[in-house]
Structure formats: C-alpha cells, structure tokens
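Engineer: One structure, as structure tokens, below. Some questions next.
The values are calculated or read from the model by the stated rules, or taken from the named source; none is laboratory data. Predicted, not measured: the structure shown is a model, and the values here were computed from it. A quick note on method: Cβ atoms are made from the backbone with ideal geometry, for glycine too, and the neighbour counts reach across all protein chains shown.
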Amino acid sequence: MMKFNKEKVTGLFDNMSPTLDKIGKNKYLQTIMGAMMALLPPIILGSLTTLLSIYTKDLNYKPLSNILNGIGTITIGAMALYLSFLMAKYLVQNFMSDQDDGTAAGIISLMSFLIMTPLGSYTSNRVAVTAIPVTWLSSQGVFSAMVIGLFVGRLYIYIVKHGWTIKMPAGVTPMVSQSFAALIPGIFIGMVDCKIKPNT
C-alpha cells in the first residue's frame, strides 16, 4: 500500500507556487476572470427565469411564461453582447488603470462585435426585415465576443500608448477629453472591422 508523503506533496506545491503566481497575475487571464465574474448577475437571473418559465408553461399561464422567456433572452440569450464590452473594458483597466477606465474601449468593442456579427433577414407582413439573429448573441457567440474584446482592447491600448489620439486643452473637462481621445481609436478599429468582416 502506497504511503502518503506529506513532505513530498508540500514540496511539490512549493515548487509550483511561483508558476501558479505568474499565471494568476497574467493580465489576460485576469481580464477573462473579471469579465466572467461581472457577467454572473445576468447569468443567474437568466437561469432562474428559464426554470420558472418551464413551470409556468406547465401551469398553462402563458402571459407570465412569455415575460420570463423574454428576460431569459436578454440575459443568457445576450451573453456575448455583454462579454464583448466587458473583455475590452477589463483589459484596458488591467493595462492602463492609471489613465483609462476602459469604458470607451468597451463601447468600441461592442461596436466591433455588432459589425462582425452576420445579419439575418426575413419577411414580416410582406416587409423585408434585416436583424441580428439571437443565436449569435448567446452561448454560440461567446468565443467570438472574447476574441473580439481582447483584440479591440489590445489595439486600443496600443493606439493610446503611442499617443495617436486627439488631445484637448488643459481646461477641458476630463469627460470631454476622454471622449475625444477615444475618437481616433474608434474610427481606426471600425475601419479594421469593416475590412476583415466576412461576406455574408
């Protein structure tokens, strides 16, 4: 029978600690963790409403079931939408916490995600309608949202750190200055999105 050697196990963990510390301090992993944690409230709410909608459907209470299904659609059914914003926001915060809160990068990332998402079309009452299929906004679009969020966030950081922004005079309020500072990165990233957007 194999004996448990406490010293060997302790030594193994001691040897692994520096590597695990480095992994834990990785800014990209911190970004993913922070974005996922921020996404918990809509995920929990969506899970609860999905469960409740099943029970209300069994009880033939259709009005409440429709409301609960709608909440599920805009929570779990729109995870990728929220994640595209959060990934870029947290990445910028991790790299430039002293300069930028990441909100502008998050908005640009959300714009990029919507640009890259394939549009669908259908006919309603003989009127052609173009829309974003909910399919791409739910779990199927999560990986794309993460990639786009990290890419946009990193590109935003590169542009800002190289000073390719509009700088306002010292007397201008920080809110206005930040808005103009995000203008060039937003235009440039939007143009890149349009260039690499797949034909649909």
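Engineer: Yes or no: S84 among the hydroxyl-bearing types (S, T, Y), surrounded by fewer than 20 Cβ atoms within 10 Å (Cβ to Cβ) and assigned to a helix (DSSP H, G or I)?
Structural biologist: No.
Engineer: Looking only at segment 41-64, count how many residues are closer than 30 Å to L86 by Cβ and of a type outside the set (A, V, I, L, M, F, W, C).
Structural biologist: Summing the residues that are closer than 30 Å to L86 by Cβ and of a type outside the set (A, V, I, L, M, F, W, C) in segment 41-64 gives 7.
Engineer: Another question, if that's okay. Can you confirm whether D101 is on the phi < 0 side of the Ramachandran plot, of a type in the set (D, E, K, R), in contact (Cβ under 8 Å) with a residue 12 or more places away in the chain and not in a helix (DSSP H, G or I)?
Structural biologist: Yes.
Engineer: Residue under question is S109, and the condition is that it be at pLDDT 80 or above and either outside any helix (DSSP H, G or I) or crowded, with 16+ Cβ neighbours inside 10 Å (or both); does it hold?
Structural biologist: yes
Engineer: I would also like to ask the following. Can you give me the ranges of the helices (runs of 4 or more DSSP H) entirely in segment 119-200 with at least 1 residues that are under 18 Å from the mean Cα position of the chain (by Cα) and buried (at least 16 other Cβ atoms within 10 Å of the Cβ)?
Structural biologist: Details: elements: 142-161, 174-181, 183-196.
Per the criteria, 142-161, 183-196.
Engineer: Can you list the helices (runs of 4 or more DSSP H) lying wholly within segment 1-76 that have 1 or more residues being in contact with a strand residue (DSSP E or B) (Cβ under 6 Å, 6 or more places away or on another chain) and at pLDDT 80 or above?
Structural biologist: none
Engineer: Related question: Collect the residues in segment 123-151 that are closer than 25 Å to G46 by Cβ, free of Cβ contacts under 8 Å to residues at least 60 places away in the same chain and among the hydroxyl-bearing types (S, T, Y), keeping them in residue-number order.
Structural biologist: Within segment 123-151, just T135 meets the criteria.
Engineer: Of the conditions (1) in contact (Cβ under 8 Å) with a residue 24 or more places away in the chain; (2) touching a Phe, Trp or Tyr at 6+ places or on another chain (Cβ under 8 Å); (3) not aliphatic (A, V, I, L, M), Y156 fails just one. Which one is it?
Structural biologist: Going through (1) in contact (Cβ under 8 Å) with a residue 24 or more places away in the chain; (2) touching a Phe, Trp or Tyr at 6+ places or on another chain (Cβ under 8 Å); (3) not aliphatic (A, V, I, L, M) one by one, Y156 breaks only (2).
Engineer: Checking M116 against (1) in contact with an Asp or Glu (Cβ under 7 Å, 6 or more places away or on another chain); (2) modelled with pLDDT under 90: exactly one of these is not met. Which one?
Structural biologist: Result: M116 passes all but (2).
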